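Report on one structure; see the data block that follows.
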């Protein structure tokens, strides 16, 4: 069997497992008494072991197997989540991370003998526990007495799934209201209009209320970060302190969970690349202890999360030199702006460092941060001053339940495209910098851009010929593409129902929605078309 | 009509590969599940001719899923996919109602052999 076509999938899947493993390790490090992260860790190593063994990557299979054995001992309560165990597993994750890519290229990865030996030795210290009563488990924090003096009200615990259900229904109401609105507009009747208007404001209030019920304090997200920063500092021989601000801010639970990985990555980056060593800082007249400030601020329906460090700032010239080496910028161009810097740093596998440290510098990550925030409909900006520090700002919507889409017509049907992907909507031929050739080649702002004709994709039939057609210029992650359609129908806020698409539907249909006139429309994931 | 398969594994890599092996052999993969819960729900919904089931999955493992499926459908044809070192679990799965097993890493021929034996 030809395995080569599975390497990309193996790599993506493998990185995903390792990312989850890291998150579980961090949780376990903080709560050594919990067994849930141990299960998660076990599964992550286990899945990677299976894939690696299938691909014939012996070293990765061997390391994951040893990690699994160590975790088995923990599950049998013969070992605890001691510093030694957690530390060694962190090292294992790093070694695996370094080994994934070389393995897929058939090259030797890092030498794992020492690490494998250490894992085996540690597993062999596991003492079979005497049978007896199960260790008393610390009561979950939720069991603690409510603290009325802090919140001034009683709290009830509700399964988040029920809140999701409520929100779903409130969202359906919003859509039904839109539909009623279009009917009322066609039949002018003051009484009907007033009743519909009242219904309208009630539904808005209900929807807002359900959204608020799903909000969780951002402290849930921030709480574990000071510890991570301290540990990172210790690993890298730096002293670093994290200050938290805006902890009273609340954010949709789903968005909150999605932000954990990106923020941990930025924190790691800040401590590793951003902050100077204590000696260097002292010689520069800065306090020896590096300072990071993580803050959150609400701006209408958006939350802005900023991470500022008082380190050395991004090395603009260094990035430029590397970018020239990679062939990403012209050697004789203007100075890089903050936006240019971020765009370069977010390119997959772009790294300024030549050596890789235990913490970062492998050129993975910044692209993941940007694409994760984008997938939430948000954006990332960067501000940096040489010698003074760097600030990243992540702006994310308060909730992702209702999405803004661009509605287009193609082949007689209507399709919704998430607005966050649409960089520009234009009519080819009307502008000199958007040129559609009769053979389907498309040039946008002087660059050839891959173009897919939605009419052809949707109907399988021929596309309406002609060089004057509406075209959407799309951007996602570091990729782009253009989508030719028949008509542009405007922006709408819709409630997207994600569904398991039946096999008869193409892969680029990611969900469905009911439009204001009551007709259904497919929501597209146009990235699956390219 | 092609025989239908439900592929249950928490790793996308494994689902893709098993799906490819079976599709190339003329089966139709009608569904995929990432957790035991999903496996049970999708089995009820899709009634596939065959299920491939990983043992280690989040929120209800493969063995419990086998038990739940076989409770309603004792004739369900479930092929366990286990990694090395899980022999004890394989025995448990067979007792729970699984009909056969293959050990990862897979040899495609071994997977198809087991499948044909099951459906034979």
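The values are calculated or read from the model by the stated rules, or taken from the named source; none is laboratory data. As the structure is a prediction and not an experimental result, all values here were calculated from the model. Every residue, glycine among them, receives a Cβ derived from its backbone with ideal geometry; neighbour counts consider all protein chains shown.
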Practice problem: Might you check whether a residue that is in a helix (DSSP H, G or I), within 14 Å of chain B (Cβ to nearest Cβ) and more than 25 Å from residue A:265 (Cβ to Cβ) occurs anywhere in region A:19-42? | Solution: no
Self-check item: Matching residues, region B:72-81, being under 15 Å from residue B:14 (Cα atoms) and either more than 11 Å from every other protein chain (Cβ to nearest Cβ) or surrounded by fewer than 21 Cβ atoms within 10 Å (Cβ to Cβ) (or both)
Solution: B:79, B:80
Practice problem: Return yes when residue B:52 is modelled with pLDDT of 90 or more and in contact with a helix residue (DSSP H, G or I) (Cβ under 9 Å, 6 or more places away or on another chain) and no when it is not. | Solution: yes
Quiz prompt | Odd one out for residue A:437, checked against (1) farther than 22 Å from residue A:479 by Cα; (2) out of contact with any helix residue (DSSP H, G or I) (no Cβ under 9 Å at 6 or more places or on another chain) | solution = (1)
Quiz item: When residues of region B:55-71 are filtered for being over 30 Å from residue A:58 (Cβ atoms) and either facing chain A (nearest Cβ under 9 Å) or at pLDDT 90 or above (or both), how many remain?
Solution: 8
Self-check item: Qualifying positions in region A:420-441 - within 18 Å of residue A:489 (Cβ to Cβ) and surrounded by 16 or more Cβ atoms within 10 Å (Cβ to Cβ)
Solution: A:420, A:421, A:422, A:425, A:426, A:428
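Suppose the filter is more than 14 Å from chain B (Cβ to nearest Cβ), over 29 Å from residue A:372 (Cα atoms) and without any contact (Cβ under 8 Å) to a residue 60 or more places away in the chain; does residue A:58 pass it?
no
Yes or no, residue by residue, for (1) facing chain B (nearest Cβ under 10 Å); (2) part of a helix (DSSP H, G or I); (3) over 15 Å from residue A:25 (Cβ atoms):
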position	(1), (2), (3)
A:47	yes, yes, yes
A:62	no, yes, yes
A:70	no, yes, no
A:78	no, no, yes
Practice problem: Would you please list the contacts, defined by Cβ atoms under 7 Å and residues six or more apart or on different chains, that run from a residue in region A:497-513 that is within 13 Å of residue A:418 (Cα to Cα) to a residue that is at pLDDT 75 or above and assigned to a loop (DSSP other than H, G, I, E, B)? | Solution: A:508/A:525; A:510/A:525
Practice problem: Output yes when any residue across region B:40-49 is within 11 Å of chain A (Cβ to nearest Cβ), buried (at least 20 other Cβ atoms within 10 Å of the Cβ) and in contact with a helix residue (DSSP H, G or I) (Cβ under 8 Å, 6 or more places away or on another chain), and no when none is. | Solution: no
Quiz item: Does residue A:53 satisfy the criteria of being over 26 Å from the mean Cα position of the chain (by Cα), part of a helix (DSSP H, G or I), at the interface with another protein chain (Cβ under 8 Å from one of its Cβ atoms) and free of Cβ contacts under 8 Å to residues at least 60 places away in the same chain?
Solution: yes
Exercise. Could you grab me the full set of residues in region B:1-17 that are more than 10 Å from every other protein chain (Cβ to nearest Cβ), modelled with pLDDT of 85 or more and either surrounded by 21 or more Cβ atoms within 10 Å (Cβ to Cβ) or farther than 14 Å from residue B:115 by Cβ (or both)?
Key: B:5, B:6, B:7, B:8
Practice problem: Tell me the helices (runs of 4 or more DSSP H) entirely within region A:174-276 that contain at least 2 residues that are under 30 Å from residue A:318 (Cα atoms). | Solution: A:225-236, A:253-269
Self-check item: Near pairs, Cβ below 6 angstrom, 6+ apart or cross-chain, from region B:98-120 (within 14 Å of chain A (Cβ to nearest Cβ)) to any residue that is assigned to a loop (DSSP other than H, G, I, E, B) and surrounded by 20 or more Cβ atoms within 10 Å (Cβ to Cβ)
Solution: B:104/B:83
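Within region A:416-455, which strands (runs of 3 or more DSSP E) (wholly inside it) include 2 or more residues that are within 21 Å of residue A:506 (Cβ to Cβ)?
Here the list reads A:451-453.
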